[in-house]
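*Asks:* Submitted below is the structure of interest, expressed as structure tokens.
Throughout, read-outs are computed from the coordinates displayed, never taken from laboratory work. Since the model is a prediction, treat every value here as computed from it, not as a measurement. Cβ placement follows ideal geometry from the backbone for every residue including glycine, while neighbour counts extend to all protein chains displayed.
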């Protein structure tokens, strides 16, 4: 019962934080332009700072030998999600205009903002199980996962959703500020003499990751406000269609996490996963609600914006009990 209580408390904590975004929308403080501006601040500044400060301090050649599984898992999760999404579309037969939406919402979860928030909550609640450094380790693991995951979203999800070939993609879709920050931090952290400039007592440039850490701490609260604000307005279920919603929910919250948890449990049993927090991050990424970037893709292309917004809204509603259930199972497996 304790793991269930801890899981529910983690989800309720997220809801309360996101609820502040709803409040700001209702008070007409966080209006549409403000939400867009705040999203750009997170994307171009706070998230890259968080990634840089966490990775440059933690990465090393020895650590990378243990962490290679994280970016590989991102590609595997996306592959499983795509196959399951195609299967769900074949079985549920949603309206034709929603079929690609169902596939991408099944394949791509919210791999950044929500995982960053959840690992912090779990690390605080499960300190005895995970250790004193669990929160910092969790941020690092999520960061390394995102290096491959963000690229997969734009290299695979974007052309699939829009029917555009890869040659029409802009470089900015892949070479984004978070990717640049994470990649730069890995390069600097893997070279001993450059890491010595940024990390350790008396390091000449240690002030840079310290300043980045201060700015990066704003990522999670800002992201939760944005999530709540984006979901503040109810969307009609008729705009989605029950078959599309049921199919996407089954794929995103039942089939994909079921397969992924099984694979991760096998890897854990064979000693391929180095710590309990890494196990949590790998499992966590498989049952997140859909990525907010999917709505951005539709906004860019002017394609089915209202439909995708409604589908994502209702999937986030379904995510509330799903997150609590899968979190409880994850913590129980580690007992």
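*Asks:* Across every pair of different alpha-carbon atoms, what Kirkwood hydrodynamic radius in Å does region 34-170 reach? Let's see the in-between values first.
*Replies:* On the way: mean 1/r = 0.0590 Å⁻¹.
Computed over region 34-170, the radius equals 16.9 Å.
*Asks:* Right, another one. Given R₀ = 45 Å, FRET efficiency for residue 65-residue 27 by Cβ-Cβ distance, to 0.05? Present the calculation step by step, with values, prior to reporting the outcome.
*Replies:* Working: r = 50 Å, r/R0 = 1.12.
Rounded to the nearest 0.05, the efficiency is 0.35.
*Asks:* Label residue 203 and residue 97 with points 7 Å out from Cα along Cα→Cβ: what is the distance between them in nm?
*Replies:* About 5.2 nm separates the two model spin labels.
*Asks:* Here is a further query. Under 8 Å for C-alpha pairs, at least 6 residues apart: give me the relative contact order for the chain, rounded to a whole percent.
*Replies:* Values: 446 pairs, mean separation 113.6, N = 335.
It rounds to 34 percent for the chain.
*Asks:* Going by how many other beta carbons lie within 10 Å of each one, how would you line up 125, 137, 37, 62, fewest first?
*Replies:* Ranking 125, 137, 37, 62 by Cβ neighbours within 10 Å, fewest first, gives 62, 37, 125, 137.
*Asks:* What are the extents of the Cα atoms of the chain along their three principal axes, in Å, largest first?
*Replies:* 60, 44, 43
*Asks:* What is the fewest-to-most order of 252, 35, 27, 210 by other Cβ atoms lying within 10 Å of their Cβ?
*Replies:* Taking fewest neighbouring Cβ atoms as first place, the list is 27, 210, 35, 252.
*Asks:* So if each residue of separation counts as 0.36 nm, and I subtract the Cα-Cα distance between residue 272 and residue 44, what length gain in nm does that give? Don't skip to the answer; put the middle values down first.
*Replies:* Working: separation 228, 0.36 × 228 = 82.08 nm, distance 3.40 nm.
Contour length minus the Cα-Cα distance gives 78.7 nm.
*Asks:* Here's something else I'd like to know. Enter the Cα centre distance for the pair region 116-143 and region 46-106, rounded to the nearest angstrom.
*Replies:* 20 Å
*Asks:* I've got another one for you. In nm, what is the difference between 0.36 nm times the number of residues separating residue 9 and residue 90 and their Cα-Cα distance?
*Replies:* Numbers: separation 81, 0.36 × 81 = 29.16 nm, distance 3.66 nm.
The span from residue 9 to residue 90 would gain 25.5 nm if fully extended.
*Asks:* In addition: How tilted is helix 113-125 with respect to the longest principal axis of the chain? Cα atoms for both, answer in degrees (0 to 90, nearest 10).
*Replies:* The angle comes out at about 60 degrees.
*Asks:* Also, I was wondering about something else. Could you tell me how many degrees, from 0 to 90 and to the nearest 10, lie between the Cα long axis of helix 207-216 and the main elongation axis, the longest principal axis, of the Cα atoms of the chain?
*Replies:* Computed tilt is about 20 degrees.
*Asks:* Could you put 195, 28 in order, starting from the residue whose Cβ has the fewest other Cβ atoms within 10 Å? Numbers along the way, then the final one.
*Replies:* Values: 195 19, 28 8.
Starting with the residue having the fewest Cβ neighbours, the order is 28, 195.
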